[in-house]
Structure formats: structure tokens, C-alpha cells
1. Under 6 Å between Cβ atoms, which residue pairs at least 6 apart in sequence (or on different chains) link something in the stretch 38-51 that is in contact (Cβ under 8 Å) with a residue 24 or more places away in the chain and within 14 Å of residue 9 (Cβ to Cβ) with a partner that is open to solvent by 40 Å² or more (accessible area, probe 1.4 Å) and of a type in the set (Val, Ile, Thr)?
2. Residues of the stretch 139-150 being within 13 Å of the ligand (Cβ to nearest atom) and either polar (S, T, N, Q) or crowded, with 21+ Cβ neighbours inside 10 Å (or both), which ones?
3. Considering only the stretch 212-245, how many residues are open to solvent by 50 Å² or more (accessible area, probe 1.4 Å) and within 13 Å of the ligand (Cβ to nearest atom)?
4. Go through (1) among the hydrophobic types (A, V, I, L, M, F, W, C); (2) under 21 Å from the mean Cα position of the chain (by Cα); (3) over 30 Å from residue 197 (Cα atoms) and name the single condition residue 44 misses.
5. For the stretch 197-204, check the following and say yes or no: at least one residue is over 30 Å from residue 26 (Cα atoms) and open to solvent by 90 Å² or more (accessible area, probe 1.4 Å).
6. Could you pull out every one of the helices (runs of 4 or more DSSP H) wholly within the stretch 190-276 that has 2 or more residues that are out of contact with any helix residue (DSSP H, G or I) (no Cβ under 9 Å at 6 or more places or on another chain)?
7. Kindly indicate whether any position in the stretch 145-165 is touching a Leu at 6+ places or on another chain (Cβ under 8 Å) and either over 21 Å from residue 238 (Cβ atoms) or free of Cβ contacts under 8 Å to residues at least 12 places away in the same chain (or both).
8. Given the conditions (1) open to solvent by less than 80 Å² (accessible area, probe 1.4 Å); (2) more than 13 Å from residue 125 (Cα to Cα), which single one is not true for residue 171?
Amino acid sequence: MSKRVVFITGASSGMGYAATKLFAGHGWKVYAGARRVEKIPTGAGIHPMRLDVTDADSREQFVEASLADGLRVDVLLNNAGYGEFGPLEEVGVDKVHKQLDTNLVGASELTKLVLPQMRQQGTGRIINNSSIGGDIYSPLGGWYYVTKRGLNVWSDVLDTEIRQFGLRSVIIEPGGTQSAWTDIAVDNALHNLTPNSPYTALVEGTRKLLNGMLTNSEATSEDLAKVFYRAATDRHPKRRYYFSLTDRMVSRFARNHPGVFHEGISLIVHRLTRNK
Ligand SMILES: NC(=O)c1ccc[n+]([C@@H]2O[C@H](COP(=O)([O-])OP(=O)(O)OC[C@H]3O[C@@H](n4cnc5c(N)ncnc54)[C@H](OP(=O)(O)O)[C@@H]3O)[C@@H](O)[C@H]2O)c1
């Protein structure tokens, strides 16, 4: 049997980096993309490629490289993403577009490029790395949560459209996981503040909340790579994958009791903000 082929976006850091190594280690051919191509792992079976998921030409080059080799495409792992944190009143519209383009539109446009090949094969899987932030929200993460909730809906609808061809679209919902993500989100929150912003103190509460989620979870990027691998290889894939029971329960509770859950989170952040 020929090697299985996976496309991984956001392969220069965190979960995408770990997934690139894991899939290659299992003998897959990995097309691994990121803007910082020099940070993508190298080794047998790995094809590092420069990719900006917000750029149409870059997306096409990424996918065409393997299709030109006449290869099949077994899995597209839409993993690239970041948190454009900041107060909704103050995040500039350019940043809003960049957030939507990276986390949501980039994934959907890349998917369009691989679906014809997958349909021809009669097999294939789109794995979308969302977040428990697709179900929960907290202050300053508004546009990030919009993209992750949007990704969940988009993936679920896609799944209803492509199952007839033997294809699937599934969602991974990580909770706090060791990677560069939290520092980038907090940095963005600071940079998005206007001078003398009334929201400045809230950044500190948010930083404490996000760091607290990391400390409580202890999930590593390597742990999440294993979840991606399960989603890629399960005979009967699920619509949702979680790393831990806690992540699953938190998401479920937030979905079933959105009012009480989110009022609680908001209270915690404001309390963390006051207790310097
Ligand atoms: N860590 C967490 O706690 C957590 C929790 C839930 C969900 N997530 C989600 O998990 C995914 C992976 O994040 P991570 O935790 O591994 O964070 P990370 O270490 O910051 O990695 C993010 C990756 O996304 C890539 N990326 C960002 N913008 C891109 C663009 N325009 N084009 C191509 N690649 C781009 C980055 O590569 P370049 O900068 O080199 O392009 C990097 O490889 C994200 O979608 C994130 O939202 C993370």
C-alpha cells in the first residue's frame, strides 16, 4: 500500500510541529506548512513548505506540490491559528479580518482545494483544530471565540455534505495546552489596547485565567498530536475529539448551561483583575 499523505498547517510550533513528527514517525508522507518554514521539523517523509493560510497563492502552491506528484490526500489537518485577543471595542478591523482569515477562512479555502482529490479517491478526512473556546468564552477573546465557534459550525455542515462521498470533517477541541499560543494571545491583548484604555487591567485577569487553564490541564502539544492521529485513523471517526475528560465536561456544561457558566467565568476574570 502506498504511503498515507497528510497536509498539516501551522507546523512550525506547538501542536502542528508535534503532529508533523508523529505522523512522519508512523510512516506518513507529511506536507507541513507554516510561514516560518525554517522552524518546521525535518526528517524522513516530511516536506516543509512555506505557507500563509491567509494567502490564496500560497495555499494553492501548498496543495499543488503533492497533487502534482500524483499523490493521494488522506488527511488535511487545519491546525494553524492564534488568538487575536483584545477588547471588542478596541480591536482594529484589520486585526479582525486577519483573525477570521487565519482561523476560519484559511481552513475552509484549503479544504476546497483537497476535496476534489478526496472525492475521486472515495476516502479522506478534514481534521479541524478548534478549541474548547468553540463552546466557552471569556472577556477579551471575542473574535478568537467567534472563529472557533464558526469553525465548529462550518465543520459540522461540511460533514453533512461530504459524508455521501465517503469523506468526513471532524473537530478537535483542545483545552489549555503547552505551546506558544497563550503568550501570543496575551501579547496581542496588550498591543490591541488603545492609549489610556479602560480595559488595561482586564488583560492581567485574562492572563491569569489563561495561565491557570494551562497549569490545571498540563496537556502538551505532543498529547494533542496523539488526539489528531486518533482522529485521522479511527475507523469510525467522531464529530468531536477531546484530550481530557475535563475538557469534554467543561464544553458540555458550557453548552447546556451557557448563562450560569459564562457569568461565572466573567466573575472569575474580574476578580483576578482586582487581586493583583
Ligand atoms: N495552546 C492552547 O492552549 C490551545 C487551546 C485550544 C486551541 N488551540 C488551537 O490549536 C492550534 C495550534 O496552536 P498551538 O497551541 O500549537 O500554538 P502555536 O505554538 O502558537 O502554533 C501556531 C501555529 O500556527 C501557525 N500560523 C499562524 N498563523 C499562520 C498563517 N497565517 N499561516 C500559516 N500558519 C500560521 C504558526 O506558524 P507561523 O507563525 O510560522 O506561520 C504556528 O506554527 C491553533 O488553532 C490554536 O487556536 C490552542
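1. 48/37
2. If the condition is that a residue be within 13 Å of the ligand (Cβ to nearest atom) and either polar (S, T, N, Q) or crowded, with 21+ Cβ neighbours inside 10 Å (or both), then 141, 143, 144, 147, 148 are the ones that fit.
3. Keep residues of the stretch 212-245 that are open to solvent by 50 Å² or more (accessible area, probe 1.4 Å), which gives 213, 215-216, 218, 222, 226, 230, 233, 235-236, 238-239, 243, 245.
From what's left, within 13 Å of the ligand (Cβ to nearest atom): 213, 215-216, 218, 222, 243.
So the answer is 6.
4. Result: residue 44 fails condition (2) only.
5. Yes, the stretch 197-204 has at least one match.
6. Numbers: elements: 200-217, 221-233, 245-256, 258-274.
Here the list reads 221-233, 245-256, 258-274.
7. Yes, some residue in the stretch 145-165 is touching a Leu at 6+ places or on another chain (Cβ under 8 Å) and either over 21 Å from residue 238 (Cβ atoms) or free of Cβ contacts under 8 Å to residues at least 12 places away in the same chain (or both).
8. (2)
The values are calculated or read from the model by the stated rules, or taken from the named source; none is laboratory data. Keep in mind the model is a prediction, meaning the values are calculated, not measured. Neighbour counts are summed over all protein chains in view; Cβ atoms, including those assigned to glycine, are modelled from backbone coordinates with ideal geometry. Just the protein is used for accessible areas: all its heavy atoms, side chains included, with ligands, DNA and RNA removed. Shrake-Rupley method; radii C 1.70, N 1.55, O 1.52, S 1.80 Å.
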